[in-house]
Amino acid sequence: MAGAKATGRRALRGRWSGAVAAALALSACAGRDYKPVTDHPVKIGSAYTVRGKTYVPHVDPEYDVLGYASWYGNESGDMTANGEKFRPDWVTAAHKTLPLPTYAEVTDLDTGKSIIVRINDRGPFARGRILDLSKGAARELGILDKGYAPVRVRRVEPSAKDRERLRDGDRAKEPPRISPRVLANLRAQLAAGVRAGIVEAP
């Protein structure tokens, strides 16, 4: 009988220890309540102010802008503006006003190379930047060492397969390279915008 009681107490202690461990694990997770990586619902968000400047998020199906992109990558483990976990090595980006998430084609005007990124964060707020790439996106575009580059950022609707790849942390299929003539025209437009003060230079 005594042996049976001791066995029962040990089993009870084991169940109690398991319950405590589970509770502690749950409380730890509660501190980082990340949302799953999904495209729904799309978050637009309210107007917000950073360093005295107000930004108004809005839908812009025809977004196609020339400017400069930089990259960020030291915030591993932080939460993005739409509640997802920031993963530096994924092909993502931050934008001041586009809905979250938005898919965009980013073309390096120095090389003509393009990639598709999934925008899930807010920023950049440094002078002369229209997009902040994750470290993984910067590596994919080939600007990791340069730090920033002149770019064209164009909203796109990628295939379901490419969306799935980006949501899983993989890269999308590389878009076709634009012709040298179009690339030269885009460079000229950017230079004219900088001279006219329409585009901020970094």
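The values are calculated or read from the model by the stated rules, or taken from the named source; none is laboratory data. Keep in mind the model is a prediction, meaning the values are calculated, not measured. Because the Cβ atoms are built from the backbone with ideal geometry, glycine has one as well, and the counts that use them run over all protein chains shown.
If you take the residues in the range 151-168 that are loosely packed, with under 12 Cβ neighbours inside 10 Å and charged (D, E, K, R), which one is farthest from residue 94 (Cα to Cα)? It comes out as 161. With respect to the conditions (1) in a strand (DSSP E or B); (2) surrounded by fewer than 18 Cβ atoms within 10 Å (Cβ to Cβ), residue 116 lacks only one, and its number is (2). Looking across the range 169-184, the residues that are more than 18 Å from the chain's Cα centre (by Cα) and either surrounded by fewer than 11 Cβ atoms within 10 Å (Cβ to Cβ) or not charged (D, E, K, R) (or both) come down to 175, 176, 178, 179, 180, 181, 182, 183, 184. Residues in the range 185-198 that are modelled with pLDDT under 95 and either in contact with a His (Cβ under 6 Å, 6 or more places away or on another chain) or surrounded by 14 or more Cβ atoms within 10 Å (Cβ to Cβ) (or both): 0 in all.
Does the range 175-195 contain any residue that is touching a Phe, Trp or Tyr at 6+ places or on another chain (Cβ under 8 Å) and not in a strand (DSSP E or B)? No, because not a single residue in the range 175-195 is touching a Phe, Trp or Tyr at 6+ places or on another chain (Cβ under 8 Å) and not in a strand (DSSP E or B).
Taken residue by residue, the range 63-72 has no member that is loosely packed, with under 14 Cβ neighbours inside 10 Å and part of a loop (DSSP other than H, G, I, E, B).
For residue 170, indicate whether it is part of a loop (DSSP other than H, G, I, E, B) and out of contact with any Leu (no Cβ under 6 Å at 6 or more places or on another chain). So residue 170 fits the description; yes.
Going residue by residue through the range 139-151, is there one that turns out to be over 21 Å from residue 87 (Cβ atoms), among the small types (Gly, Ala, Ser), touching an Asp or Glu at 6+ places or on another chain (Cβ under 6 Å) and in the same structural domain as residue 69 (by TED's automatic domain parsing)? Looking through the range 139-151, at least one residue is over 21 Å from residue 87 (Cβ atoms), among the small types (Gly, Ala, Ser), touching an Asp or Glu at 6+ places or on another chain (Cβ under 6 Å) and in the same structural domain as residue 69 (by TED's automatic domain parsing).
Hey, does the range 124-137 have a residue that's without any contact (Cβ under 8 Å) to a residue 24 or more places away in the chain and part of a loop (DSSP other than H, G, I, E, B)? No, every residue in the range 124-137 fails to be without any contact (Cβ under 8 Å) to a residue 24 or more places away in the chain and part of a loop (DSSP other than H, G, I, E, B).
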